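This report concerns only the one structure given below.
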Amino acid sequence: MRDDIRFLEELVAAVPEFGELYEIHVENNGEPLPHVFFGLDVTPAVVDSYLGKDPEATDWRATLEFLERQLGRGIPDVTEVIVTSFLYQLPYKNEPGHGVVEHLGPLLSAKYRELRPSG
C-alpha cells in the first residue's frame, strides 16, 4: 500500500469523524486520492470545525495533532499531502478561519511559514 493511502487510513483511525467522508470519497472516485480528499474534505472540515459551524464536526484539534505527528515521521508522500493539500489550502489572513494557524504544532507551523512567510 502506498504511504499516502496508508496515511488516509491512519487519519480515519485517529479521527473517526472522517470515516464517512472517506468512504464517500472512495466511492465517488473509485480509489483513494489523497490530495483530493484533503483539499476537498479534510481541510474544509477542519476550518469549519474550528469556526464552530457544525456541532457534529470533526475534532479539529485531534486532526492537527495527528498531522503534526505524521509530519514528524518524515515520509515524503505524506509530507507532500500535508503541505500541498492541507497547509497551502488554509485560509489567508483576511478569511474566516485563519486563526486555526495559531494552533498548528511546531512542525506544521514551520512548514506553513515556508509557504506563507507573511502569514
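Does Glu23 satisfy being part of a helix (DSSP H, G or I), modelled with pLDDT under 95 and either in contact with a strand residue (DSSP E or B) (Cβ under 8 Å, 6 or more places away or on another chain) or at negative phi (or both)? It is false that Glu23 is part of a helix (DSSP H, G or I), modelled with pLDDT under 95 and either in contact with a strand residue (DSSP E or B) (Cβ under 8 Å, 6 or more places away or on another chain) or at negative phi (or both). Would you mind stating whether Gly52 is without any contact (Cβ under 8 Å) to a residue 12 or more places away in the chain and either within 12 Å of the chain's Cα centre (by Cα) or closer than 14 Å to Val100 by Cβ (or both)? It is true that Gly52 is without any contact (Cβ under 8 Å) to a residue 12 or more places away in the chain and either within 12 Å of the chain's Cα centre (by Cα) or closer than 14 Å to Val100 by Cβ (or both).
Residue by residue, here is whether (1) more than 10 Å from the chain's Cα centre (by Cα); (2) under 21 Å from Arg73 (Cβ atoms) holds:
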{"residue": "Ile5", "(1), (2)": "yes, yes"}
{"residue": "Glu9", "(1), (2)": "yes, yes"}
{"residue": "Val15", "(1), (2)": "yes, yes"}
{"residue": "Phe18", "(1), (2)": "yes, yes"}
{"residue": "Asn28", "(1), (2)": "yes, no"}
{"residue": "Asp41", "(1), (2)": "no, no"}
{"residue": "Asp48", "(1), (2)": "yes, no"}
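Scanning the stretch 22-35 for residues that are surrounded by fewer than 16 Cβ atoms within 10 Å (Cβ to Cβ) and either touching a residue at least 12 places away in the same chain (Cβ under 8 Å) or of a type in the set (Phe, Trp, Tyr) (or both) yields a single hit, His35.
The rows are residues; the columns are (1) exposed (fewer than 12 other Cβ atoms within 10 Å of the Cβ); (2) outside any loop (DSSP other than H, G, I, E, B); (3) on the phi < 0 side of the Ramachandran plot; (4) in contact with a strand residue (DSSP E or B) (Cβ under 7 Å, 6 or more places away or on another chain).
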site: Gly74; (1), (2), (3), (4): yes, no, no, no
site: Glu80; (1), (2), (3), (4): no, yes, yes, no
site: Pro91; (1), (2), (3), (4): no, no, yes, no
site: Asn94; (1), (2), (3), (4): yes, no, yes, no
site: Val100; (1), (2), (3), (4): no, yes, yes, no
site: Leu107; (1), (2), (3), (4): no, yes, yes, no
site: Glu114; (1), (2), (3), (4): yes, yes, yes, no
site: Pro117; (1), (2), (3), (4): yes, no, yes, no
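Pairs meeting the criteria (first residue in the stretch 58-71 and under 10 Å from Val15 (Cα atoms) and modelled with pLDDT of 95 or more, second residue among the β-branched types (Val, Ile, Thr) and part of a loop (DSSP other than H, G, I, E, B), beta carbons under 9 Å, at least 6 apart or on different chains) are Ala62/Val15; Thr63/Val15; Phe66/Val15.
The values are calculated or read from the model by the stated rules, or taken from the named source; none is laboratory data. Predicted model, so just to flag it, every value in this text is computed and none were measured. Note: ideal-geometry Cβ built from the backbone for every residue, glycine included; neighbour counts use all protein chains shown.
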